[in-house]
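Working notes, beginning with the structure itself.
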Amino acid sequence: MKIFTPGSAGYDAAAAEIQAGRLVAFATETVYGLGGNAEDDRAVAAIYDAKGRPSFNPLIIHVPTLEIARRYVRFSPLAERLAATFWPGALTLVLPRTEDCPVSRLASAGLETLAIRIPGHRQALEFLKACDRPLAAPSANPSGGISPTTAQHVIDGLGGKISGVLDGGACAVGVESTVVGFANEKPVLLRPGGITREAIEAVAGPLLRPDTEGAPSSPGMLKSHYAPRADVRLNATDKREGEAYLGFGREYDTLADINLSEAGDLTEATARLFSALHLLDEMNFKRIAVGPIPEVGLGVAINDRLRRAAAPKSEKEEVGP
Ligand code: TXA
Ligand code: MG
């Protein structure tokens, strides 16, 4: 597997792989994405194949500018406002495909809508421009596993299955983008993520839950996901025999093998979450106890990922956020 380094030579070499229909993982501000040409059915099929991802779970399309996004999806006035406020950034909008949208039907799993975002990451934007094509890019991990926040995580998970990785260092946000869809011009929270509910509601008004009032659902919200090999126990206020303890804040710090943020800072905790889970797996812990994390701001996305990490791995059905 090739390692591409940021800089015009690296972007061009990685983009040449994409243009030849191959797959290259790249850093974004949220997590590493597994990029393939979204207009190429075979490249998109190769993404599902490399990840072992069920083909009913559609992919997010990444573009470098709003002007380019307009070729692929139709923006409502509310979607325009959200894009103007949060792009480039950790918000994905689910919008109707344009009539002549050239994105592979496989990428949107046959739906009439497409999930799209402009990543808030300078190197990702340079790479997207060099590709000169929209990139379908799910998180660059085997389906169901922990998302990658470093190039090494990508190599460990997908090495041998993809052409290369554009190494952009550690991801600053650390969880995936917030996914927002629409039902009759009302915004629907399909997946909590790097932009908080509070920030979106300040612009868009109250967010609906999926599957209410005719709202769409998010086909990829599987109950078991983001899972380490170890079993995960939530809201743990003690540490049992054989467990690793993943703490947050000072309250149970004495128990902690890893503390996501001693200062109790949710932004810091989000950035460390997936790395910590990767690390505890590498240390071969069989069980991970996680301390309580407040259900506000980015804590909502952290708790969403941890609940899915804790779900029995046999439970693959869909559930909303
Ligand atoms: O931060 C992120 O969003 C990362 C980086 C790489 O950009 N990407 C990512 O992609 O998390 P992925 O494929 O792991 O998650 C895509 C999510 C899934 O929950 C999927 O079901 C949902 O977006 N989705 C995609 N297209 C959709 C659509 N047309 N309607 C509803 N949900 C959709
Ligand atoms: Mg994923």
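The values are calculated or read from the model by the stated rules, or taken from the named source; none is laboratory data. It should be emphasised that the depicted structure is a prediction, and the values quoted were computed from it without experimental measurement. Cβ sites come from the backbone with ideal geometry, for glycine too, and all protein chains shown count toward neighbours. Note: areas computed on protein heavy atoms with side chains; ligands, DNA, RNA excluded. Shrake-Rupley method; radii C 1.70, N 1.55, O 1.52, S 1.80 Å.
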*asked:* Looking at segment 136-178 only, could you name the residues that are open to solvent by less than 10 Å² (accessible area, probe 1.4 Å) and β-branched (V, I, T)?
replied: T149, V154, V165, V175, T178
*Would you say D132 is open to solvent by 60 Å² or more (accessible area, probe 1.4 Å), on the phi > 0 side of the Ramachandran plot and modelled with pLDDT of 95 or more?*
yes
*Is at least one residue of segment 155-166 of a type in the set (D, E), part of a helix (DSSP H, G or I) and either away from ligand 1 (no atom under 13 Å from the Cβ) or within 17 Å of the chain's Cα centre (by Cα) (or both)?*
yes
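Of the residues A14, A50, A79, which single one is assigned to a helix (DSSP H, G or I) and under 17 Å from the mean Cα position of the chain (by Cα)?
Working: A14 fails: under 17 Å from the mean Cα position of the chain (by Cα); A79 fails: under 17 Å from the mean Cα position of the chain (by Cα).
Only one candidate qualifies: A50.
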*Answer residue from segment 268-292, given it is touching an Asp or Glu at 6+ places or on another chain (Cβ under 9 Å) and part of a loop (DSSP other than H, G, I, E, B) and is most open to solvent (accessible area, probe 1.4 Å) among those*: K286
*asked:* Pull out all pairs, ordered by first then second residue, where Cβ-Cβ is under 6 Å, the residues are six or more apart or on different chains, the first lies in segment 179-192 and is open to solvent by 30 Å² or more (accessible area, probe 1.4 Å), and the second is within 16 Å of ligand 2 (Cβ to nearest atom) and assigned to a loop (DSSP other than H, G, I, E, B).
replied: R191/S218; R191/P321
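Would you check which residues across segment 98-124 are surrounded by 19 or more Cβ atoms within 10 Å (Cβ to Cβ) and out of contact with any Lys or Arg (no Cβ under 8 Å at 6 or more places or on another chain) and list them?
Those that are surrounded by 19 or more Cβ atoms within 10 Å (Cβ to Cβ) and out of contact with any Lys or Arg (no Cβ under 8 Å at 6 or more places or on another chain): S104, L106, A107, A115, I116, R117, I118, P119, G120, H121, Q123, A124.
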_Residues satisfying the stated conditions in segment 111-147, i.e. in a loop (DSSP other than H, G, I, E, B), among the charged types (D, E, K, R) and more than 12 Å from ligand 1 (Cβ to nearest atom)_ = D132, R133
*Taking the residues in segment 56-70 that are away from ligand 2 (no atom under 16 Å from the Cβ) and touching a residue at least 60 places away in the same chain (Cβ under 8 Å) as candidates, determine which candidate is surrounded by the fewest Cβ atoms within 10 Å (Cβ to Cβ).*
I68
*How many residues, within segment 16-34, are within 13 Å of D132 (Cα to Cα) and either surrounded by 24 or more Cβ atoms within 10 Å (Cβ to Cβ) or not assigned by TED's automatic domain parsing to the domain that holds P138 (or both)?*
1
*Taking V31, is it within 19 Å of the chain's Cα centre (by Cα) and in a loop (DSSP other than H, G, I, E, B)?*
yes
_The conditions are (1) away from ligand 2 (no atom under 16 Å from the Cβ); (2) over 26 Å from T150 (Cβ atoms); (3) in a loop (DSSP other than H, G, I, E, B); (4) not β-branched (V, I, T), and A263 fails exactly one of them. Which is it?_
(2)
